[in-house]
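Q: My structure is below; once you've seen it, I'll send some questions.
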Amino acid sequence: MSFRLSGTLTGHNGRITSLAVAPNNPQVLLSGSRDKTVVVWHLQPQENNEAGYAHKSLVGHSHFVESVVVSSDGQVFFFFV
């Protein structure tokens, strides 16, 4: 198996600690970071080499986000700080 870079996602100000994909919608990606945020991404290639865009950013946590998990039906996600 080989991998290739198909684009980047720009939005966090710290290291990424966790990624999760919605099982019923693979165009939705969630990321948790040491910048204390969770970002919900919509994966759709853009002309500027971006792999998608930040749909929503959840802020206000007092500690970095250690893990992000999506429920099996894709309707709920959980994150742990």
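The values are calculated or read from the model by the stated rules, or taken from the named source; none is laboratory data. What you see is a predicted model, and the numbers here were worked out from it, not measured in a lab. Using ideal geometry, Cβ is built from the backbone for each residue, glycine included, and neighbour counts are taken over all protein chains shown. Side chains included, ligands, DNA and RNA excluded: accessible areas come from the protein's heavy atoms. Shrake-Rupley method; radii C 1.70, N 1.55, O 1.52, S 1.80 Å.
Q: State which residue is most open to solvent (accessible area, probe 1.4 Å) when the search covers only segment 13-35 and only residues that are of a type outside the set (Asp, Glu) and over 23 Å from SER71 (Cβ atoms).
A: Top of the filtered list is ARG15.
Q: Related question: Determine, yes or no, whether LEU43 is within 20 Å of ARG4 (Cα to Cα) and open to solvent by 60 Å² or more (accessible area, probe 1.4 Å).
A: In short, no.
Q: Can you tell me which residue in segment 30-81 is farthest from ASN13 (Cα to Cα), limited to those that are assigned to a loop (DSSP other than H, G, I, E, B) and of a type in the set (A, V, I, L, M)?
A: VAL76
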